[in-house]
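Just below is one structure, and these are the notes that go with it.
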Amino acid sequence: MNASVLVINCGSSSIKYALVPSEPDRPRLAGLAERLGGGDAQLRGVDSRGESFTQALGEADHTRALEAILDRLEGRRPFAVGHRIVHGGESFTRAALIDDDVVDAIERTSALAPLHNPANLEGVAATRRLFPDLPQVAVFDTAFHQSLPPRAYRYALPDALYRDHAIRRYGFHGTSHAYVSRRADRLGGLGGGAWLTAHLGNGCSTCAVWQGQSLDTSMGLTPLEGLAMGTRSGDVDPGLHAHLSRQLGWSLDRIDEVLNRNSGLLGLSGLTNDMRELEAAEAQGHPGAALAIEVFCYRIAKSLAALSCALPRLDGLVFTGGIGENSALVRERVIGLLPHFGLQLNRTVNSETIRGREGRIDAGGRQLWVIPTDEEGQIADETRQRLVQKGRNHT
Ligand code: ADP
């Protein structure tokens with residue numbers, strides 16, 4: 001049976017896609033259309049033989065890019081489309097079959113993710129036009145964290161801000177934390193374990209997962225809260241905004257820009273947000289690079305220690321994302337900052353577990369895993385599950 005799902009992650013000027021077959025050993029067709037809306041859009045990707053291609057798209061919009069993507073599917077027709085949607089607010093606790101009501105509900109949540117949800121919806125609209133007969137499913141970054149209890153999702157703010165304006169912690173990277181924690185359950189033979197997961201890419205977040213449910217996570221109302229990231233500050237004193245405004249005369253837009261784009265690893269190092277370059281610079285004695293890595297690792301360890309309060313016990317830690325999967329140095333330093341957690345790192349296996357390889361890196365004690373994330377695979381799985389449930393409800 002053909003159960004390939006076309007996974008679409010649509011940004012304001014880009015579309016990431018993957019055609020995910022249900023058989024894990026069949027190759028995926030995947031790629032990225034970027035610079036959409038400008039005059040020099042292009043599509044890059046890999047075909048079924050694993051060969052890369054680049055195609056100039058000229059003045060393409062989202063619809064034109066999707067048509068070009070369709071041509072690259074080598075005649076393989078998906079049976080459904082799964083859309084990554086960043087913010088589902090409190091309306092969506094799981095994936096949803098897209099219809100006009102669901103689109104309206106996502107639109108109503110756009111105030112919480114003004115940069116992401118409208119772009120995601122543009123992809124939904126173009127895909128519905130191009131594939132009117134295919135079922136389309138919305139898979140939300142926030143949905144996995146809807147299991148957080150109030151003590152974890154409420155800010156200590158006046159109640160009306162939550163009741164009237166939905167101001168609360170939502171959490172993001174839900175598909176990644178869901179995928180790696182389920183995979184850790186399977187690999188660790190625990191069946192519903194208590195995990196701390198660290199997704200460390202350009203965006204970074206931690207999560208406490210118990211019996212397959214997220215109980216707390218480091219990101220909040222927006223993806224700016226929590227860890228120090230590539231270019232994002234993560235947690236700062238909430239008084240910082242008023243201070244910068246009153247003392248330096250900065251506008252809210254400027255503060256937003258600095259905290260989102262000029263901070264984190266880039267801001268601290270004054271060099272780059274790329275962990276590979278920072279590791280190389282630190283080895284050459286660059287003090288900014290050394291400080292950036294130190295703050296980055298300390299903040300991860302501190303966040304994991306804090307999130308351990310959400311769990312009834314701790315079975316282990318999982319690292320994922322570009323840095324979590326590849327940087328043996330970051331993993332070793334984070335684990336070294338948690339001596340009271342009873343973690344024993346196998347340094348040899350840790351240094352060999354790189355380039356997207358799955359591996360167990362402990363030397364006994366609590367389990368330590370490196371698990372390459374698979375957000376596309378998770379979105380495809382949730383899309384299939386949603387459609388199976390719909391089928392059951394109709395019979
Ligand atoms: P995104 O969040 O944009 O999807 P990724 O998950 O791809 O990003 O992570 C990007 C980060 O992973 C960058 O900081 C990059 O330097 C880092 N990274 C990739 N490969 C390595 C490596 N071999 N060693 C250290 N860091 C790496």
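Scanning for something surrounded by 21 or more Cβ atoms within 10 Å (Cβ to Cβ) and touching a helix residue (DSSP H, G or I) at 6+ places or on another chain (Cβ under 7 Å), does segment 259-266 turn up at least one residue?
Yes, there is a match, as at least one residue in segment 259-266 is surrounded by 21 or more Cβ atoms within 10 Å (Cβ to Cβ) and touching a helix residue (DSSP H, G or I) at 6+ places or on another chain (Cβ under 7 Å).
From the list 321, 342, which residue is surrounded by fewer than 18 Cβ atoms within 10 Å (Cβ to Cβ) and either touching a Ser or Thr at 6+ places or on another chain (Cβ under 8 Å) or not acidic (Asp, Glu) (or both)?
It is 342.
Quick check: anything in segment 53-65 touching a residue at least 60 places away in the same chain (Cβ under 8 Å), in contact with a Gly (Cβ under 8 Å, 6 or more places away or on another chain) and not in a loop (DSSP other than H, G, I, E, B)?
Yes, some residue in segment 53-65 is touching a residue at least 60 places away in the same chain (Cβ under 8 Å), in contact with a Gly (Cβ under 8 Å, 6 or more places away or on another chain) and not in a loop (DSSP other than H, G, I, E, B).
Might you let me know whether segment 238-259 holds any residue that is within 16 Å of the ligand (Cβ to nearest atom) and modelled with pLDDT of 95 or more?
No, every residue in segment 238-259 fails to be within 16 Å of the ligand (Cβ to nearest atom) and modelled with pLDDT of 95 or more.
Does at least one position in segment 26-44 carry a residue that is in contact with a helix residue (DSSP H, G or I) (Cβ under 6 Å, 6 or more places away or on another chain), closer than 30 Å to residue 145 by Cβ, of a type outside the set (Gly, Ala, Ser) and modelled with pLDDT of 90 or more?
Step one: list which residues in segment 26-44 are in contact with a helix residue (DSSP H, G or I) (Cβ under 6 Å, 6 or more places away or on another chain), which gives 33, 36, 43.
Adding the requirement that they be closer than 30 Å to residue 145 by Cβ leaves 33, 36.
Filter again for of a type outside the set (Gly, Ala, Ser), leaving 36.
Subsequent filtering for residues that are modelled with pLDDT of 90 or more retains 36.
Yes, segment 26-44 contains a residue that is in contact with a helix residue (DSSP H, G or I) (Cβ under 6 Å, 6 or more places away or on another chain), closer than 30 Å to residue 145 by Cβ, of a type outside the set (Gly, Ala, Ser) and modelled with pLDDT of 90 or more.
So residue 175 fits all but one of (1) within 16 Å of the ligand (Cβ to nearest atom); (2) in contact (Cβ under 8 Å) with a residue 40 or more places away in the chain; (3) outside any helix (DSSP H, G or I); (4) buried (at least 24 other Cβ atoms within 10 Å of the Cβ); what number is the exception?
Failed condition: (3).
Scan segment 245-273 residue by residue and report those that are hydrophobic (A, V, I, L, M, F, W, C) and not in a helix (DSSP H, G or I). It would help to see each step written out before you state the result.
First, the residues of segment 245-273 that are hydrophobic (A, V, I, L, M, F, W, C): 248, 250, 252, 255, 258-259, 265-266, 268, 271.
Within segment 245-273, 250, 271 qualify.
Show the residue pairs meeting these rules: Cβ distance below 8 Å; 6+ apart or different chains; first residue within segment 272-287 and touching a residue at least 24 places away in the same chain (Cβ under 8 Å); second residue within 6 Å of the ligand (Cβ to nearest atom) and among the hydroxyl-bearing types (Ser, Thr, Tyr).
Matching pairs, first to second residue: 275/327; 279/327.
Out of the residues in segment 172-190 that are at negative phi and at pLDDT below 95, state the one that is farthest from the chain's Cα centre (by Cα). Steps first, answer last, please.
Filtering segment 172-190 for residues at negative phi gives 172, 174-188, 190.
From the residues that got through so far, the ones that are at pLDDT below 95 too are 188, 190.
Working: 188: 23, 190: 24 Å.
Top of the filtered list is 190.
So, in segment 303-313, how many residues would count as being surrounded by 17 or more Cβ atoms within 10 Å (Cβ to Cβ) and either within 16 Å of the ligand (Cβ to nearest atom) or of a type outside the set (Gly, Ala, Ser) (or both)? Quick ask: steps written out before the conclusion?
Of segment 303-313, the ones surrounded by 17 or more Cβ atoms within 10 Å (Cβ to Cβ) are 303-304, 307-308, 310-311.
Filter once more, keeping what is either within 16 Å of the ligand (Cβ to nearest atom) or of a type outside the set (Gly, Ala, Ser) (or both): 304, 307, 311.
Total satisfying the criteria: 3.
Mind checking which pairs have a first residue in segment 200-222 that is closer than 12 Å to residue 149 by Cα and part of a strand (DSSP E or B) and a second that is of a type outside the set (S, T, N, Q) and within 16 Å of the ligand (Cβ to nearest atom), Cβ under 6 Å, 6 or more apart or different chains?
So the pair list comes out as 214/207; 217/171; 217/207.
Going through segment 213-255 one residue at a time, which ones are of a type in the set (D, E, K, R) and touching a helix residue (DSSP H, G or I) at 6+ places or on another chain (Cβ under 9 Å)?
Across segment 213-255, the qualifying residues are 216, 232, 235, 237, 254.
What are the pairs, 6+ residues apart or on separate chains, where a residue within segment 130-143 that is of a type in the set (D, E, K, R) has its Cβ under 8 Å from a residue that is buried (at least 23 other Cβ atoms within 10 Å of the Cβ) and in a strand (DSSP E or B)?
Once the first residue is of a type in the set (D, E, K, R) and sits in segment 130-143, its partners that are buried (at least 23 other Cβ atoms within 10 Å of the Cβ) and in a strand (DSSP E or B) give 141/85.
Looking at (1) within 16 Å of the ligand (Cβ to nearest atom); (2) surrounded by 15 or more Cβ atoms within 10 Å (Cβ to Cβ); (3) not in a loop (DSSP other than H, G, I, E, B); (4) not basic (Lys, Arg), which is the only condition residue 234 fails?
Of (1) within 16 Å of the ligand (Cβ to nearest atom); (2) surrounded by 15 or more Cβ atoms within 10 Å (Cβ to Cβ); (3) not in a loop (DSSP other than H, G, I, E, B); (4) not basic (Lys, Arg), only one is false for residue 234: (3).
Regarding residue 95, is this residue in contact (Cβ under 8 Å) with a residue 40 or more places away in the chain, among the small types (Gly, Ala, Ser) and surrounded by 14 or more Cβ atoms within 10 Å (Cβ to Cβ)?
Details: in contact (Cβ under 8 Å) with a residue 40 or more places away in the chain: yes; among the small types (Gly, Ala, Ser): yes; surrounded by 14 or more Cβ atoms within 10 Å (Cβ to Cβ): yes.
Against the criterion (in contact (Cβ under 8 Å) with a residue 40 or more places away in the chain, among the small types (Gly, Ala, Ser) and surrounded by 14 or more Cβ atoms within 10 Å (Cβ to Cβ)), residue 95 qualifies.
Conditions: (1) at pLDDT 95 or above; (2) more than 14 Å from the ligand (Cβ to nearest atom); (3) among the polar types (S, T, N, Q). Residue 205 meets all but one. Number of the miss?
(2)
The values are calculated or read from the model by the stated rules, or taken from the named source; none is laboratory data. Predicted model only: the values in this text are computed from it and were never measured. Methodologically, a virtual Cβ is constructed for each residue, glycine included, from the backbone with ideal geometry; neighbour enumeration extends over all protein chains shown.
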